[in-house]
Every structure is written in structure tokens, then in C-alpha cells.
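The values are calculated or read from the model by the stated rules, or taken from the named source; none is laboratory data. This one's a predicted model, so the numbers in the text were calculated from it and none came from an experiment. Cβ sites come from the backbone with ideal geometry, for glycine too, and all protein chains shown count toward neighbours.
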Amino acid sequence: MTSTSVDQGIQRHIPIIGDINTKSSLAYRATRGAVGVVNGLQMALGEAYINGLEIPDPALKAIFHTSLSALFKNFPALLAPYEWVLHETENVAEGANDLMKVHYDRPQAMLNRMLGNWDVIYPKYSMGLWEKGAADLEQSQMQMIDDLIEKLDIQDGDNILDFGCGWGCIPNYVMSKFPNVRFTGVNLSHEQCDYMRHKMQDPKSYLGSGRFTLVEGDINEVEFEEPFDKILSVGVFCHVGNLTHAFRKVASILKPGGKFFLHIITVRTPNNVSSVYTHKYIFPHGRYWSFDTPPSINKDLKTIKRWYMNGINYHKTMAAWLQNFDDSYEEIKDLDYGIDFEKFRRIWRFYLIWLCTSFATCDGEINGNGQFLMVHA
Ligand SMILES: C[S@@+](CC[C@H](N)C(=O)[O-])C[C@H]1O[C@@H](n2cnc3c(N)ncnc32)[C@H](O)[C@@H]1O
């Protein structure tokens, strides 16, 4: 595929008026105008909520459910709030330091409590697998990593890179199963790296087994001398704006015959999506790639298998996070958020309810997660 056709694939969107193949500037401008209206309504509701609008959760969920179902099914172009959502950006990840401040370096006592923090399963900020009968959040995360181990075909002795490793949950769990696997974890979040540095001193943790190397750094900049047998990245590429460059980088550090496992939030719509609310308050520059986009970028890596994971799995995961967030009120209310806790709480509740509901719309068949197994092209 040429780079022009890749560009066209990424920029493809359904105009609000006219046929999908309509590339007329009038249709495009009309679509962008309608997007402006959706953006305005979304922000008005979000900011009214932040500022104290009393609206019961079921009513908020009903508003999200009805509007998102219609948008996903009929007008997905209206879910691309900025033109950059439709294109690849200049850097692999834009505004990474802002993202850390706004999101990942928030008080860890709050994040760890929300995500769950157990003996082997450390906080894991990505979809759990519920469809195989998991009884709770911890089991759902274990079952998701078991599924990854199988799909990536992890073998004892593999040297593995985890791009955007969070709190080291996946390395810790995989190393608990394979005594000779080695892991390198990359993460830009200083706070999350502190969590892992602490665990690396703990003989009970597999991160403390001498088989784990931590690199605190930005995906845009990190370099490695030795290539890896396997590379994985779970829940991180929503922060990557340039898949072409990212895949080139991954290919350059993947052994011949090696495998890359990419797990992302994805949408089964022709265009990528995002939201003005999450861009401003939650994930600056975040976007959710169309399920067809990663396989269309096949210059350095090619997709040999892909799986669509039904959104209900993420709906249940986020419902558990929201419950934990609410239940921990007394424990987390006095931490330092840089803003009044009540305002912070409302910003996060709107985000959690929004995303939790969005994954349940259309029976989880449009907004879910995608997994892509890739090898050298
Ligand atoms: C949603 S979390 C997923 C973490 C982990 N993979 C998991 O499944 O729990 C995304 C992770 O990517 C990291 N991250 C985001 N942008 C990054 C960047 N530019 N460089 C390095 N790490 C980044 C965040 O700090 C966070 O740990």
C-alpha cells in the first residue's frame, strides 16, 4: 500500500451529508460544522456537570447511551471533534508531558485504589476479560493477560518489551508464570515508575527478581541496543498519533521472526474518534483508532491476525473502577489534586460514566478493543 493510500485510509470519514465516497469540500465543511455543534453540546453538558449540575447517574447514562448509539451507528464522523483526529500527527505521541500531568501522574493512592492493587495483579489500566466468566476485576485482568500470553505465544526465555507498562502488572504476572522470561518496561509516568522502583526492591515481587529492567522515558525518544523477541503494548496507542512512525520504531527493535502484540481501544467505524471533553480534561491528544487502520499501515510491520474484543468487557471493567472510585471517597478526598477535590471528582465521574456507557452501546459491537498480532513486513 502506498503512503498516499494510507493517508486516504486514515482520513476516510463519513460525511454527514452525502455518500461515504463523497469527497466534496461542501460535504466536508458541512460535516465539520455539525461536529462543532456536537462539540459545543458535549462541553456544555460536561462543564455544567463539573460545576455542580445535579443529574442522577441513570439519567446521565441514558443521555450518553441514546446519543452515542445514534452517533456510532449513523453519524460517526461527528465523533471526530478535531481534524487532527482524522490524520497522523507529526510526533509519535503529541503532548506526552501534558498527558502525564493531566492524567497519569495524578495521586497514585487514588489511581491504585480505583484500578485495584493485589499480590500479583498490580494496578492495570486497561480492559479486563469478563466473557470467560471472571467473577471480579482481579480475575478479569488475570484472564486478559492469560489470553495475551496465548495470542503472543510467549515462551519461557523470551526477552520482552512492554511499551507503556503502567505499574508493571503485565510483566509481573507473566514473570510469575515463566521463570526465565525477561522484561523491559517503558513508561513516562514518574509516579508509576516510582511504584515499580519500590516493587523492584521487594523480594516478593517478580519485578524484584532481577529479570525486570525499567526505563523511565518517552516512547518518542527511547532507544534500545538489543532487539527483543516479543514486544507488547496494551492501552497505550490511544496516545500515539502517528502509527507509521510508531510501527517503524517497533520494527527497528524487534528481532527477525519476532512478534508485536498491539492492544488498543478501537472503533468499528470508518474514521477515528475522540471527544472534546476527554481532550481537555482527561487524555490530551487521545484518540481511538478505527479497527481497520492498524492493518492498513503495513510498511514496516504487517498484521497477521487481529481480534475485536467486545466493548461489554470494558463496560464491566469501567463499572468496577467507578465503583472503586466512589467507594474510596474518604480515603482519597484529602490527596493533593492541585484543584478542589469536589471539582476533580466530578471531572472524573463524568469521564468514567461516559466511557463506561459508551462501551455498552450497540451491544459493544462498535466501540470495543482491538488486538493486532504483527510481524516484520
Ligand atoms: C492506559 S495506561 C496502560 C498501562 C498498561 N499497559 C496496562 O495495561 O495497565 C497507558 C500507559 O502508557 C504510558 N504512556 C503514555 N504515553 C506515553 C509516552 N509518550 N511514553 C511512555 N509511556 C507513555 C502511561 O504513563 C501509562 O502507563
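Could you say whether any residue in the stretch 81-88 is under 19 Å from the mean Cα position of the chain (by Cα) and either within 16 Å of the ligand (Cβ to nearest atom) or closer than 30 Å to PHE178 by Cβ (or both)?
Yes, there is a match, as at least one residue in the stretch 81-88 is under 19 Å from the mean Cα position of the chain (by Cα) and either within 16 Å of the ligand (Cβ to nearest atom) or closer than 30 Å to PHE178 by Cβ (or both).
Among residues belonging to the stretch 169-222 that are polar (S, T, N, Q), near the ligand (Cβ under 9 Å from one of its atoms) and modelled with pLDDT of 95 or more, point out the one that is nearest to LEU115 (Cα to Cα).
GLN192
Across the stretch 223-238, which residue is surrounded by the most Cβ atoms within 10 Å (Cβ to Cβ) among those that are more than 20 Å from GLU150 (Cα to Cα) and within 15 Å of the ligand (Cβ to nearest atom)? Before the answer, list the steps.
As a first pass, look at the stretch 223-238 and keep what is more than 20 Å from GLU150 (Cα to Cα): 223-227, 236-238.
Subsequent filtering for residues that are within 15 Å of the ligand (Cβ to nearest atom) retains 223-224, 236-238.
Working: GLU223: 9, PHE224: 14, VAL236: 23, PHE237: 27, CYS238: 19.
The residue in question is PHE237.
Exactly one condition in (1) of a type in the set (Asp, Glu); (2) buried (at least 20 other Cβ atoms within 10 Å of the Cβ); (3) closer than 27 Å to LYS333 by Cα is false for ASP136; which is it?
Of everything listed in (1) of a type in the set (Asp, Glu); (2) buried (at least 20 other Cβ atoms within 10 Å of the Cβ); (3) closer than 27 Å to LYS333 by Cα, ASP136 misses just condition (2).
Check whether at least one residue in the stretch 114-125 is polar (S, T, N, Q), under 30 Å from MET175 (Cα atoms) and either surrounded by 14 or more Cβ atoms within 10 Å (Cβ to Cβ) or in contact with a Lys or Arg (Cβ under 6 Å, 6 or more places away or on another chain) (or both), and report yes or no.
There is at least one residue in the stretch 114-125 that is polar (S, T, N, Q), under 30 Å from MET175 (Cα atoms) and either surrounded by 14 or more Cβ atoms within 10 Å (Cβ to Cβ) or in contact with a Lys or Arg (Cβ under 6 Å, 6 or more places away or on another chain) (or both).
Within 26 Å of LYS302 (Cβ to Cβ) and part of a strand (DSSP E or B): is that true of VAL186 in this structure?
Answer is yes for this residue.
Return the pairs, sorted by first residue and then second, in which the second residue is among the hydroxyl-bearing types (Ser, Thr, Tyr) and in a loop (DSSP other than H, G, I, E, B), the first residue lies in the stretch 235-260 and is within 30 Å of LEU115 (Cα to Cα), the beta carbons are less than 7 Å apart, and the residues are 6+ apart or on different chains.
Final answer for the pair search is GLY235/TYR125; GLY235/SER126; GLY241/THR89; ASN242/THR89.
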